[in-house]
1. Could you go through region 87-95 in sequence order and give the Karplus-derived ³J(HN,Hα) for each residue, using 6.51 cos²θ - 1.76 cosθ + 1.60 with θ = phi - 60°, rounded to whole Hz, and x for Gly and Pro?
2. Taking 21 Å as the cut-off for C-alpha to C-alpha distance, list the pairs among K257/K312; K83/K112; K264/K317; K143/K248; K257/K317; K147/K257 that go past it.
3. Using a 10 angstrom cutoff on alpha carbons, build the Gaussian network for the chain and name the most mobile of T71, T234, T251.
4. On a C-alpha basis, how far is the centre of region 109-163 from the centre of region 195-273 in Å? Whole number, if you could?
5. Enumerate the aspartates and glutamates that K308 could reach by cross-link, defined here as Cα to Cα under 17 Å, with residues fewer than 8 away along the same chain left out.
6. Please list, in order along region 52-65, the HN-Hα scalar couplings obtained from phi with the Karplus expression 6.51 cos²θ - 1.76 cosθ + 1.60 (θ = phi - 60°), rounded to whole Hz, x for Gly and Pro.
7. If I build a Gaussian network model for the chain, linking alpha-carbon pairs within less than 10 angstrom, which residue out of S117, S100, S219 has the largest mean-square fluctuation?
8. Mind ranking 288-294, 118-124 by how tightly packed they are, going by the mean number of other C-beta atoms within 10 angstrom, highest first?
Amino acid sequence: MEGKTVRSPHTHAALACSAALLLAALTTACGSEAHADTSEPTAPRGVTAQASSATSAHVMWEAATDDTAVTGYDVYREGKKVKSVAASRVMIDIDGLTASTAYTFTVRARDKAGNLSAPSAAASVTTPAPTPADHKPPTRPGKPRGKADGSRAATLSWGGSTDDVGVTAYDIYQEGSRIHSVPGTQTTARLTGLRPGTIYTFTVRARDAADTSSPDSASLDLTTASAPGAPASTAPTDLRITNRAEGKEHTVELDWKQPETGGKIPAYQLYMNGRLTTTIVWGGEPPAGRAHYELTVNDPRGTRYAMKLRAKLPDGKWGDFSAARTVVLGD
């Protein structure tokens, strides 16, 4: 037996087990590699670029698709990446540009695995000449009109503004956040990416080449169609807000029509500028019909609030938000 290695049955079993584990590991690794996400998203389409001012541009595009999910977009200027945004955004403002200069922008979609799409078609824009003497803001746009186009889109139109030099863009706001822009020669906009069964409050501002914005237009409330089988809306309606000065403080009064919920509404949540400010709990029997609430604030005159409400439903859950209303202290 000299010169030979004798293995016990236990040794043979251990070697067989190790080989089986190695084979399983290799099989698992190969299987993981076979299912790795190597497909790139589609290239974004419909890319447009417009000059927002002499030193900025607004770039928009249509959402791309992917076999798993698009997680973001990269925006390129002359082939160099200048901005990255989340998948929920399909527009971006590019600042720091030079007046009277031509620029070209492209967009690429990105997925979770880091795969990048091919570049989109290029969108070109030339920034206008600077207007240092343009210190007057444009006039307020005319009252918006519009309609919801199904459950996920809406179309708006408004009266044009005037400016001592010229209107370069109109910005559409939803509860104080800019969500869309169109050139100053255009007084209509189609908004996409909305949610079904949701109340939206839109306003419009005009902007000139000096990046000076007009006052807000009147607001427009639109409700998108509900998804099939969705329950009826539980949003408060006809929200009215006024304010009055009392010394150095202001009293803000809210009045609204309560939703039909099949029972009494014990409380409401009040949001100001997108944040929960207070929970309104009635001291006694909840009111029937319209409800009324007052609060005191000590911010200076001219402070702007966007306010909205939602009711606590009989089952304990919070209902849909009302349309937002904007109030300016002292107006």
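1. 5, 6, 10, 10, 7, 7, 9, 10, 9
2. Numbers: K257/K312 14 Å; K83/K112 18 Å; K264/K317 13 Å; K143/K248 33 Å; K257/K317 19 Å; K147/K257 23 Å.
K143/K248; K147/K257, as the Cα separations exceed 21 Å there.
3. Highest fluctuation of the listed residues: T251.
4. Answer, in whole Å: 23.
5. E175, D221, D238, E253, D255, E294, D320
6. Karplus values, whole Hz, x for Gly and Pro: 7, 6, 5, 10, 8, 9, 10, 10, 10, 7, 8, 4, 8, 10.
7. Highest fluctuation of the listed residues: S100.
8. 118-124, 288-294
FYI, it's all coordinate maths here, none of it is from the lab. Keep in mind it's a predicted model, so treat the numbers as computed, not measured. Glycine gets a Cβ as well: all are built from the backbone with ideal geometry, and neighbour counts include every protein chain shown.
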